[in-house]
Amino acid sequence: MAALARPRRSVLYMPGSNARALEKARTLAADALILDLEDAVALDAKDTARRMVCDAATAGGYGRREVLIRVNALATPWGHADVAAAARTGADAILIPKVESADAVRQVEAVMAAAGAADTMALWCMMETPRGILAASEIAQATPRLAGFVMGTSDLAKDLHARHTPLRLPMLAPLSLCLLAARAFGLAIVDGVHLDLDDTEGFEAACRQGLDLGFDGKTLIHPKTIDAANRIFAPSDEEVAWSRKIIAAHADAAREGKGVVVVDGKLVENLHVANARRLVALAEQIRALEADLAKGGPTA
């Protein structure tokens with residue numbers, strides 16, 4: 001429950017070869033950061049980016065934000081060194097690109113373990129190819145170290161020869177398959193990026209769609225979209241108040257030996273209470289994140 005309740009409303013990609021961006025990330029209101037060694041880094045800058053990202057992650061200063069390092073695939077010239085170096089940084093997780101099988105996840109985990117990764121360091125998977133989507137259930141069960149999925153809708157649209165449409169109809173089947181796998185095996189999951197930075201209305205509509213589908217948040221490519229993602233994916237004050245109300249009412253009913261209770265004309269059962277507790281836990285963690293920012297910046 002605690003892991004799934006961790007705020008992931010806004011998950012911002014930061015280019016690993018940009019020292020200014022890595023420093024700026026310490027002051028941004030994103031819930032999580034992806035320090036990127038893959039797509040955002042030119043081929044001739046891979047080694048430099050690895051050093052910069054690992055130094056930044058080791059130094060810390062990102063406060064309560066969740067820090068993921070997206071490595072290059074093991075099959076590339078940089079992948080093995082990326083994973084081994086990232087494993088020793090103390091980052092929250094390593095994000096593997098273009099995952100298509102459970103074996104691929106376990107191979108990265110073996111490199112992490114050999115490099116001395118802490119038991120608490122998680123693995124996340126980019127779900128961005130047709131083979132990966134079709135293997136989502138298998139991948140979700142690859143290892144207890146796996147904590148979440150990140151949807152790579154741009155790469156997926158390319159492979160599917162699909163268009164980016166306002167309603168994202170070409171993406172609904174892949175998004176839903178990955179959501180099912182993630183929830184079946186207790187993983188977090190965040191939605192793909194919105195590519196048009198000038199399309200504020202479209203971005204917010206995509207966030208609301210992602211929330212309706214069940215995503216924990218959205219990956220972002222620019223800091224200016226953080227506030228909207230945080231607002232849309234956060235439980236509203238009304239939702240939190242209702243959640244607290246039904247938790248209390250159900251507890252009173254349980255003490256009287258009742259399994260269900262009616263609150264404001266609505267039937268409340270265990271399943272409603274479980275979701276209410278998740279929302280309250282999420283709201284409390286969001287409040288803690290915001291308190292850190294209000295103090296003037298990151299905490300150790």
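The values are calculated or read from the model by the stated rules, or taken from the named source; none is laboratory data. Everything quoted here is computed from the prediction, not taken from an experiment. Note that each Cβ is placed from the backbone with ideal geometry, even for glycine, and that neighbours are counted across all protein chains shown.
Within the range 151-180, residues that are among the acidic types (Asp, Glu) have Cβ atoms under 6 Å from residues that are assigned to a loop (DSSP other than H, G, I, E, B) in these pairs: Asp155/Glu128; Asp159/Thr129, counting only partners at least 6 apart in sequence or on another chain.
Here Leu95 fulfils each of the conditions (1) part of a helix (DSSP H, G or I); (2) of a type in the set (A, V, I, L, M, F, W, C); (3) buried (at least 23 other Cβ atoms within 10 Å of the Cβ) apart from (1). Considering the range 222-266, the residues that are in a helix (DSSP H, G or I) and acidic (Asp, Glu) include one that is surrounded by the most Cβ atoms within 10 Å (Cβ to Cβ), namely Glu239. So is Arg65 among the basic types (Lys, Arg), crowded, with 19+ Cβ neighbours inside 10 Å and within 30 Å of Asn230 (Cβ to Cβ) or not? Answer is yes for this residue.
Mind checking whether some residue in the range 289-300 is over 29 Å from Met127 (Cα atoms), basic (Lys, Arg) and not in a helix (DSSP H, G or I)? Yes - at least one qualifying residue is present in the range 289-300. Right, Thr76: among the hydroxyl-bearing types (Ser, Thr, Tyr), farther than 22 Å from Lys218 by Cβ and assigned to a helix (DSSP H, G or I) or not? Taking the combined requirement at face value, the residue does not satisfy it. Counting the residues of the range 267-289 that are surrounded by 15 or more Cβ atoms within 10 Å (Cβ to Cβ) and closer than 22 Å to Lys24 by Cα gives 2.
Of all residues in the range 259-278, those that are closer than 19 Å to Ile232 by Cβ and either modelled with pLDDT of 95 or more or in contact with a Leu (Cβ under 9 Å, 6 or more places away or on another chain) (or both) total 1. For Thr219, the conditions (1) in a helix (DSSP H, G or I); (2) surrounded by 15 or more Cβ atoms within 10 Å (Cβ to Cβ) are fulfilled apart from (1). Going by the conditions given, is Leu68 out of contact with any Lys or Arg (no Cβ under 8 Å at 6 or more places or on another chain), within 17 Å of Thr219 (Cβ to Cβ) and either touching a residue at least 40 places away in the same chain (Cβ under 8 Å) or assigned to a loop (DSSP other than H, G, I, E, B) (or both)? Considered against the rule, which asks whether it is out of contact with any Lys or Arg (no Cβ under 8 Å at 6 or more places or on another chain), within 17 Å of Thr219 (Cβ to Cβ) and either touching a residue at least 40 places away in the same chain (Cβ under 8 Å) or assigned to a loop (DSSP other than H, G, I, E, B) (or both), Leu68 comes out as yes.
Yes or no, residue by residue, for (1) more than 24 Å from the chain's Cα centre (by Cα); (2) on the phi < 0 side of the Ramachandran plot; (3) not small (Gly, Ala, Ser):
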residue: Phe233; (1), (2), (3): no, yes, yes
residue: Asp237; (1), (2), (3): no, yes, yes
residue: Ala254; (1), (2), (3): yes, yes, no
residue: Gly259; (1), (2), (3): yes, yes, no
residue: Glu269; (1), (2), (3): yes, yes, yes
residue: Ala276; (1), (2), (3): no, yes, no
residue: Leu279; (1), (2), (3): no, yes, yes
residue: Glu284; (1), (2), (3): no, yes, yes
residue: Ala294; (1), (2), (3): no, yes, no
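For every residue, the table says whether it meets (1) surrounded by 22 or more Cβ atoms within 10 Å (Cβ to Cβ); (2) of a type in the set (A, V, I, L, M); (3) touching a Gly at 6+ places or on another chain (Cβ under 6 Å); (4) not assigned by TED's automatic domain parsing to the domain that holds Glu204.
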{"position": "Ala91", "(1), (2), (3), (4)": "yes, yes, no, no"}
{"position": "Val108", "(1), (2), (3), (4)": "yes, yes, no, no"}
{"position": "Val111", "(1), (2), (3), (4)": "no, yes, no, no"}
{"position": "Thr120", "(1), (2), (3), (4)": "no, no, no, no"}
{"position": "Leu156", "(1), (2), (3), (4)": "yes, yes, no, no"}
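Could you say whether any residue in the range 139-149 is free of Cβ contacts under 8 Å to residues at least 40 places away in the same chain, out of contact with any His (no Cβ under 7 Å at 6 or more places or on another chain) and under 23 Å from Leu213 (Cβ atoms)? Scanning the range 139-149 turns up no residue that is free of Cβ contacts under 8 Å to residues at least 40 places away in the same chain, out of contact with any His (no Cβ under 7 Å at 6 or more places or on another chain) and under 23 Å from Leu213 (Cβ atoms). Kindly evaluate Arg244 against the criterion of being at pLDDT 95 or above, farther than 26 Å from Leu22 by Cα and not assigned by TED's automatic domain parsing to the domain that holds Pro144. In short, yes. Screening Ala241, Ala205, Ala229, Ala253 for residues that are in contact with a Cys (Cβ under 8 Å, 6 or more places away or on another chain) and among the small types (Gly, Ala, Ser) leaves exactly one candidate, Ala229.
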